1. Answer yes or no as to whether C:His265 is under 20 Å from C:Leu407 (Cα atoms) and not in a helix (DSSP H, G or I).
2. Does the range C:628-652 hold any residues that are without any contact (Cβ under 8 Å) to a residue 24 or more places away in the chain and within 19 Å of B:Pro67 (Cβ to Cβ), and which are they?
3. When the residues of the range C:390-401 are filtered to those that are in contact (Cβ under 8 Å) with a residue 60 or more places away in the chain and within 37 Å of the chain's Cα centre (by Cα), which remaining residue is nearest to C:Leu454 (Cα to Cα)?
4. Pairs under 7 Å by beta carbon, first residue under 16 Å from C:Glu190 (Cβ atoms) in the range C:164-180, partner among the small types (Gly, Ala, Ser) and open to solvent by less than 10 Å² (accessible area, probe 1.4 Å), six or more apart or different chains?
5. For the range C:736-749, which positions are open to solvent by 10 Å² or more (accessible area, probe 1.4 Å), in a helix (DSSP H, G or I) and either within 8 Å of chain B (Cβ to nearest Cβ) or of a type in the set (Gly, Ala, Ser) (or both)?
6. Within the group C:Thr217, C:Thr205, C:Thr236, which residue is over 27 Å from C:Leu112 (Cα atoms) and among the hydroxyl-bearing types (Ser, Thr, Tyr)?
7. In the set C:Phe142, C:Phe130, C:Phe114, which member is in the same structural domain as C:Val258 (by TED's automatic domain parsing), within 20 Å of C:Phe337 (Cβ to Cβ) and open to solvent by less than 10 Å² (accessible area, probe 1.4 Å)?
8. Kindly indicate which of C:Ala18, C:Ala76 is touching a residue at least 12 places away in the same chain (Cβ under 8 Å) and either open to solvent by less than 60 Å² (accessible area, probe 1.4 Å) or of a type in the set (D, E, K, R) (or both).
Amino acid sequence: MSTLPSLILRTAVRWISPLLLLFSLFLLLRGHHEPGGGFSGGLVAATGFALLTFGFSLETARRVLRVAPTTLVAVGIAVALASGAGAFLLRSPFLTGIWFKLPLTSTMVIELGTPLLFDVGVYLTVIGATLTMLFSFAEE
Amino acid sequence: MEVLFAIMVGTLYGCALYLLLRRSIVKLTVGLILIGNGANLLLFSAGGLVRGRPPLVLEGTSTVPAPYADPLPQALILTAIVISFGVLVFAVALIYQTYRALATDDLDDLTTTDRLGEVSETAHQPVVPVGTSLSSDQGS
Amino acid sequence: MIASIVFLSLLTASAPLAVPYLRRRFGYLVATVSLAVFAWFLTQLPEVAEGSVRSEEIPWLPTLGSTLKFQLDGLALVFALLITGIGALVALYTVGYLEDHPRLGRFWTALLLFETAMLGLVLADDVILFFIFWELTSVSSFFLIGFADERPRARANAQQALIVTGAGGLALLVGLLLLVQERGSFSLQELLAAGPLTAANMLGTAALLLILFGAATKSAQFPFHFWLPNAMEAPTPVSAYLHSATMVKAGVYLLARVAPVFRDHPWWQPTLLALGITTALVGVLLAIPQRDLKRLLAYSTISALGTLVFLLGFGTTGYKAFSLFLIAHALYKGGAFLVAGAFEHSTGYRTLDILGGLWKKAPAFAAITGLVVLAAAGIPPTVGFVAKETILELGLESIPWWLFLLLFLVSIGQTAVAWLLLRPLLARPIQSVHLHSAHWSLLTAPFLLGLVALMSGVLLPLLQPLVSATVATLQGSAPTPVKLVLWHGFTAAFAVSLVILVSAGGFALIWPQLARIGDRLAVTEPFSEEEPRGLARLGSERAYRDLMTGLMSLSSLQTRLLQNGYLRVYVTTIIATVLVLITASLIRAGLGWAMTLPPWTPIDLVDGILMVIILVSSMVAVRATERLAAIAALGALGFSLALLYARYGAPDLAITQVLVDTLTVVLLVFAFYRLPRYARLSSTPARIRDAFVATAFGTMMGLFALAVHLFRYPERISTFFAEQAFPAAHGRNVVNVILVDFRALDTLGEITVLGLAALGVAALLAVGKGTRGR
């Protein structure tokens, strides 16, 4: 962006962006039981980076992201594929869910399964794809 | 409520088609967004309308108490929203590049490559990389 | 048997990987494997000769009644031996012929694909399986003819061969299916066992004609013969193997296979006899004036294929001659092609009028050529002699004199072609030709073929079980030993044979004059687009070209009609179709739908407000004259939709819609400011017309949205999802469980599409980045 972003926007973005990223993780993790999930989580995270791009600059957003957004797309799809391929080990069809029980304390038991990993793949892909598009346009 | 939804669906589709039929390429984009929303709403209403009962399994039970909103169209629409966003961005990028290359937003000026036999041979010649030249004059 | 096909397929699949390492040595591997398969088939000979049929079966499409069933009987065995035996020699020859050609990997893949398919074709018992192999041989032939794809001629001829044999293949499929329909079985064995068909059966007659058409295109019968000489664009090993010894005989094989079904049909015998003798005559007439050695051999192959069809037409009496000639021709014509290729490889020429006097320069070469010519001309004691004697005897005994005369002429022509092979050795050279030494395999392969042709004549008792088994299959009876004799004494047939040899020799001597006559008549069609002249104007290739030109102009006419470049015309066409279909369905669903509408509930205030916002903002988006107004309207529309979703039990949708809406607005603001201002481009009548179409469409979709509520299915998938989400998939949010578990494969596809769209955007916007300064 050629125009200099206002100071108010910058200050707001500095606080809002990290919060948005945290919120996106929250949405992702609770998605299996409450409204949320990989799609909305990924979009929230992408919005956070969009704010960074406007409030500061494209370079800042890229630096904070650390990896190229296209890499995120590839990693996301790979994670989703891998989560489904695990079922082959049990001689089940592709993408069959596998679940483990992880006892934290005697009363609290966390259930972990490959569908959750699949959702992480969706999350990463959505962030990657949205940011690839956004950054491409921001470069113009 | 079904009647209201039907009116909305009809309006969205009608407005979308009108915009799709315009010669301005920018209006075409707006039409694409409207038709996407119309399709989503049609799917949503086709699944049946249940107010305020999201398909969530309550804590401590193992089934969703009836009546509940149909989860299947919701899953379909959720991905449709994200995908149509991707397609929209792609269309905008395409239109943007077309405009930059041809300097027109009138769809009627973009018909030459489709019309067979009415175009001079040069129109079918391959794009020449910068730095080389064809024997015949290409024009610009 | 299945193992041999699997083995060859594995070798085919490994070719692209192995050839870069082994390079020309891969040829030795192929030769060894082919030889091993050949040896295995040879061990089956004693059993098959006694009449036992070996069959192997794997269930494939059991619900359709189709199985992977293979069967080895006499006819299949003789073909299998030719395919693998000649395959081994051709593989060896290729080592010296193509050397370390840069596209060797592609060559071997296509050639091995062919060998596998051809073997499958002759062994297949299932009709569908047979057809698939049949098409695979056409496809691999396409790749091999077009091997030198930098030459336009190779590409055009490959396409021609594919179109002609492909058209035949389609007809064949229909014909075979008709036969299956008639007989109620996919097994060739069972189709044949049900006995002959008669003319009274219309379905059977249609099947006969279609199968005949398929066989005629594949085996280059007149008037579909023209693709075969053009196929000589392929490397010589391919010409020897596919277009002489094996693939072109697939049509003949098919006719032989179905002979037991059709032989009593009144059309069978006359058609086969007429088709065969015409092809045989046209073949030799066109062969003699050729200057190109390979085209010469191609036309004589056409003639030989015609002879085979002719012999089949005889029925039972012709089967012995058919089997003998099949074997003899594969051996000597394969050998002749390999010799011609060796000439070309070591001199750089393959035209008859340039080559000459080679016997002095390369005596070993001359000896091998001589050996092949012995077999080709039918001189004792080769198997070629035995075959020709048998044909002549048959001709003398059982056909009218005028038909015998035609057969006699064909025989002279074929023999003359054999003699012509001696011209490069003996003729006076026109220009001195440099002869560089050839790889040993270039000579070994034709030598072995010639040797087998010679030895099988001498050792006829070894050939006898094979011929008996083939004849038994053709007759559909138990094998009875066929009498094979090398020397009959000075019979009438032998006298005719002598006359043929001598007069053919005469033609070979005056060949330069004959070639000049041929030039004047323009028997050889030129490749270029120029107007054909002379005889070529009457040729069937002309008809083929006219047909192709007609197809092209028809397709451009149709394209011009449907694809006029105006997007709105396309959209209108699509929408009009949808309108008609939906209207028809709504009317069909019954007019009573208004009675069963869902009960009218009082409108909630918030819903009403949201609806008004949605309606108003869509109208604003349409009527806006400023881009920003349109974007703002879209934003308002999206948020209202999100609120509606939230109120109707779809929190996930609401979240996603809000987020996407935000991003869309941001993006549009970004992009639209680089695009031109809104402009009024359409005229007022166009706007009124479009408004009318749009209103009709909107109304239709609204009615459709209402009508959807009429169909309430008692059993819904959603019920299953809602019931199983927690117990089976450990999730409380059913929508999310559907996305990541129940329908995860769909979601996987969707995120892939999203990723691809993103990559597409990045690539699109990257175009011209570096040249913006221009």
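1. Considered against the rule, which asks whether it is under 20 Å from C:Leu407 (Cα atoms) and not in a helix (DSSP H, G or I), C:His265 comes out as no.
2. C:Tyr645, C:Ala646, C:Tyr648, C:Gly649, C:Pro651, listed by residue number.
3. Restricting to residues being in contact (Cβ under 8 Å) with a residue 60 or more places away in the chain and within 37 Å of the chain's Cα centre (by Cα), the top hit is C:Thr390.
4. Close Cβ pairs satisfying both conditions: C:Leu178/C:Ala207; C:Leu179/C:Ala207.
5. Once the filter is applied, which keeps residues that are open to solvent by 10 Å² or more (accessible area, probe 1.4 Å), in a helix (DSSP H, G or I) and either within 8 Å of chain B (Cβ to nearest Cβ) or of a type in the set (Gly, Ala, Ser) (or both), the range C:736-749 yields C:Leu739, C:Asp746, C:Gly749.
6. Unique residue meeting the criteria: C:Thr205.
7. Matching residue, one of C:Phe142, C:Phe130, C:Phe114: C:Phe114.
8. C:Ala76 is the lone residue from the list that is touching a residue at least 12 places away in the same chain (Cβ under 8 Å) and either open to solvent by less than 60 Å² (accessible area, probe 1.4 Å) or of a type in the set (D, E, K, R) (or both).
The values are calculated or read from the model by the stated rules, or taken from the named source; none is laboratory data. Since we're looking at a predicted model, the values are computed, not measured. Here the Cβ is made from the backbone with ideal geometry for all residues, glycine too, and neighbour counts use every protein chain on show. Heads up: the accessible areas ignore ligands, DNA and RNA and are worked out on the full protein's heavy atoms, side chains in. Shrake-Rupley method; radii C 1.70, N 1.55, O 1.52, S 1.80 Å.
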